[in-house]
Each structure stands twice: as structure tokens, then as C-alpha cells.
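Notes to accompany the following structure.
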Amino acid sequence: MIVEVAGSVWQRLRGLIGREGFEGELLLVPCNDVHTFGMRAPLDIAFVDGLGYVIAVHRDVGPCRRVRKRGARATVERFASAGAWYELGSRIRLQAPSKGAGVAHGEGFSGDEGKDGGS
């Protein structure tokens, strides 16, 4: 699975706008608010807390919408698909490629860890 990280303000604001051919997932960090203004296709969106747990899931979010989740530290989005998607309570662990063995260990996201901020 291709996961691209959007870490700058500009990258997060742009998101998947104009990238209709992109078949992976976009990780927006930090992010607790997503808009689909300027999108031509619907998105699947998952909000993630500081420990990497999925705390909200939205499927097939159409253009010109806004969704947010208080307490989220990151958001994963992709173009909407009938394929499997994250479920509430799933944990996302990030592992970056490294020389040789293939991964460097690292998990979780920065922020208030353990708070789901419920809304």
C-alpha cells in the first residue's frame, strides 16, 4: 500500500485535490478537520488519535463537504472504494523503510496521547 504523508500546511490543505489517479492513501499530520471542496470524487476518511487508534470513520464523503473529529491527531484519506477500510478501534502503525531489513520501527502520532476527545 502506498501511503503518502502530507506534513506541511499547503500539502494538508491541498490533500487529494487534482490527484484523481492516485491509488494509495494520504496521511495528513497533524489534522482533525478535512474538506472536500474542489474534489470531483468522494473520499473515505479515517481520523486517528495520538496513539494511532481510529476514532472516527467516514465512507463515501462527497464533494463540497467538511468533516472533523475533535481529539484526532492525524487523518487518513483515499478516493472512495468498495474495498476494505479502517474500522473504529483499528490501530495504525507507521513503519518507515530502512536499509537492509526493510523497516525502522516507530508508532503512534504526536499529540495528547490517549485522549479521544469524543464528539
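No value in this document is a laboratory result; all are computed from the given coordinates. Quick caveat: nothing in here was measured; it's all calculated off a predicted structure.
Before moving on, here are some points about what is shown:
- Compactness relative to 2.2 N^0.38 Å, alpha carbon Rg of the stretch 3-105: 1.06
- Mean separation of Cα contacts under 8 Å (6+ apart) over length of the stretch 3-105, as relative contact order %: 27
- Other-chain or far-sequence residues with amide H under 5 Å of residue 39's (modelled H): 64
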